[in-house]
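Read the structure below first, then the notes.
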Amino acid sequence: MENKLFGKTVIFNGDSICAGREGCGSWATRIAEWNSLSACKNYAIGGGIISEGLCYQSGAPRHSVSGSLEKMHEEYPNADYIVIEGGTNDADLHSHLSDKDYKGSFEPYDFGGDYDRTTFAGALESIFYRATRLWLGKKICYIVAHKMTWGQCFINRRSYFDLAIEICKKWGIPYLDLWNGCYLNSSLPWMYDKEKTAEENEAAGSMYIDSQHLTSHGYDLTADIIDSFLKTL
């Protein structure tokens, strides 16, 4: 069979879920190896957000997918696949801010491009508005992360992802919902043992090192799903 990814250029951007970690690799490293990509760049950084304007505890500007989109295009103007992930940190950080609605909302028929990038919805709309023009005719997609922490964080994160899916539908952006589309679940003891360290969970073959980040086994599973998804675009 023809491999649609063979020799292609694929770029990623997102938060720690997309960035991966030392010793575990990432989606990007696996997909690049499996498909002999001509180029692959992972712009994702731990703690990254979709929106713009927030900072790390150090005071340094927080990595923003929206804010780094032009850099991605400058370095890879002819990328074949542009993979966007994120929203978890937006949901967590915005929940502590009360001076405005940082989650935001969207108008189904507003394609004008003037969006508030300090909100999650506005930034994601702006990403799709700009990306579909910067990479005209290329494959642009969005990934909803796997299930993570339960409780209020679980509910809030899912509400952000539900909004993201509606925005994807508005812009005709293909999306992969790992949250509902794979069996990963950090509340299951065989996938994550909270009594074990990250290294012990890795060694035991668990899927999570903590209640949200994956072991190499978790990345093997999700990268395979993403790889198959990209080949359908």
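The values are calculated or read from the model by the stated rules, or taken from the named source; none is laboratory data. Quantities reported herein were computed from a predicted structural model and do not represent experimental measurements. So basically every Cβ, Gly included, is an ideal-geometry build from the backbone, and we count neighbours across all protein chains shown.
Taking the criterion of being of a type in the set (Gly, Ala, Ser) and not in a loop (DSSP other than H, G, I, E, B), the only residue of the range 36-45 that qualifies is Ala39.
Residues in the range 46-66 that are surrounded by fewer than 19 Cβ atoms within 10 Å (Cβ to Cβ) and outside any loop (DSSP other than H, G, I, E, B): Cys55, Pro61.
Report yes if Ala39 is more than 18 Å from Tyr142 (Cα to Cα) and either among the aliphatic types (A, V, I, L, M) or in contact with a Gly (Cβ under 7 Å, 6 or more places away or on another chain) (or both), otherwise no. First the steps, then the outcome.
Details: more than 18 Å from Tyr142 (Cα to Cα): yes; either among the aliphatic types (A, V, I, L, M) or in contact with a Gly (Cβ under 7 Å, 6 or more places away or on another chain) (or both): yes.
Answer is yes for this residue.
For the range 167-185, the condition holds for at least one residue, the condition being that it is within 24 Å of Cys24 (Cα to Cα) and acidic (Asp, Glu). Just one of the listed residues (Asp15, Asp90, Asp80) is more than 14 Å from the chain's Cα centre (by Cα) and acidic (Asp, Glu), and it is Asp80.
Step by step: first the residues of the range 101-112, then only those that are within 22 Å of the chain's Cα centre (by Cα) and under 16 Å from Lys169 (Cα atoms), then the one that is surrounded by the most Cβ atoms within 10 Å (Cβ to Cβ). Which residue is that? Filtering the range 101-112 for residues that are within 22 Å of the chain's Cα centre (by Cα) and under 16 Å from Lys169 (Cα atoms), the one surrounded by the most Cβ atoms within 10 Å (Cβ to Cβ) comes out as Phe106.
Listed residues Tyr115, Tyr109, Tyr102; which is under 14 Å from Ile50 (Cα atoms), among the aromatic types (Phe, Trp, Tyr) and free of Cβ contacts under 8 Å to residues at least 24 places away in the same chain?
None of the other options fit; the residue is Tyr115.
Give me the residue from the range 8-35 that is at pLDDT below 95 and not in a strand (DSSP E or B) and, out of that set, surrounded by the fewest Cβ atoms within 10 Å (Cβ to Cβ). The selected residue is Glu22.
For the range 144-194, residues that are assigned to a helix (DSSP H, G or I) and either out of contact with any strand residue (DSSP E or B) (no Cβ under 9 Å at 6 or more places or on another chain) or without any contact (Cβ under 8 Å) to a residue 60 or more places away in the chain (or both) total 21.
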